[in-house]
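The values are calculated or read from the model by the stated rules, or taken from the named source; none is laboratory data. If you're wondering where the values come from, they're calculated on a predicted model, not measured in any experiment. FYI the Cβ positions are ideal-geometry reconstructions off the backbone, even for glycines, and counts take in every protein chain you see. Surface areas here come from the heavy atoms of the whole protein model, side chains and all, with no ligands, DNA or RNA. Shrake-Rupley method; radii C 1.70, N 1.55, O 1.52, S 1.80 Å.
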Amino acid sequence: MPRRLATHSIRLSRTFPVPPDRVYRTLTNSVEIRRWSGQHGVVSRQLGGRFAMFDAWVTGEVLAYEPPLQFAHTWRPAEWAAAVPSSVVRWRLTPSARGTRVELVHTGLPNAREQESHRKGWLLYYFEPLSRYFARR
């Protein structure tokens, strides 16, 4: 029986005080991405299209694009070895009484070190800047 590669995952959620279409646009529109992250980002509207964030430190391809409620993409940081498969990030946006609940599931991380690093990174480089951004707007 072939040995299966061990993978790790992350599940995070946060509620933002704006409607789902606003959150979706903020996460997928290049102009909006630069406003909240301070760096260039691209999320293609086409399946198989380009995904890139943080001045292309991470790249991938779009797996699902269903505004305003969900999208998914592969995720490959520049420093991962070629033999390491891309991981997958899935976003789900749900209307709530307080705005929009955003659920992120990141699967296929290659080890516990990457899992912990990415958990911190999602909070520090996505969720916290988005919270500040939505508080100002």
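For residue 96, the residues whose modelled amide H falls within less than 5 Å of its own, excluding neighbours fewer than 5 places apart on the same chain, are 101. So, in Å, what gap is there between the alpha-carbon centers of the range 70-137 and the range 28-46? Between the Cα centres of the range 70-137 and the range 28-46 lies a distance of 14 Å. Both radii come from the Cα set of the range 71-128: Rg as radius of gyration, Rh as Kirkwood radius; their ratio Rg/Rh reads 1.03.
Put simply, the convex hull of the Cα atoms in the chain casts, on average, a shadow of 8.7 nm². For the range 90-99, the Karplus equation 6.51 cos²θ - 1.76 cosθ + 1.60, evaluated at θ = phi - 60°, returns couplings of 10, 10, 10, 10, 10, x, 9, 4, 9, x Hz by residue, with Gly and Pro reported as x. For the chain, the solvent-accessible area of protein heavy atoms averages 56 Å² per residue (probe radius 1.4 Å; ligands and nucleic acids excluded).
Accessible surface of the chain, 1.4 Å probe: 52 percent of it comes from carbon and sulfur atoms. Coupling constants for the range 70-80 follow from the phi torsions by the Karplus curve (6.51 cos²θ - 1.76 cosθ + 1.60, θ = phi - 60°), and in residue order they are 6, 7, 8, 7, 7, 9, 9, x, 4, 8, 5 Hz; glycine and proline get x. Across the options 46, 18, 81, the greatest Cα extent toward the positive end of the charge dipole of the chain (unit charges at beta carbon of Lys, Arg, Asp, Glu) belongs to 18.
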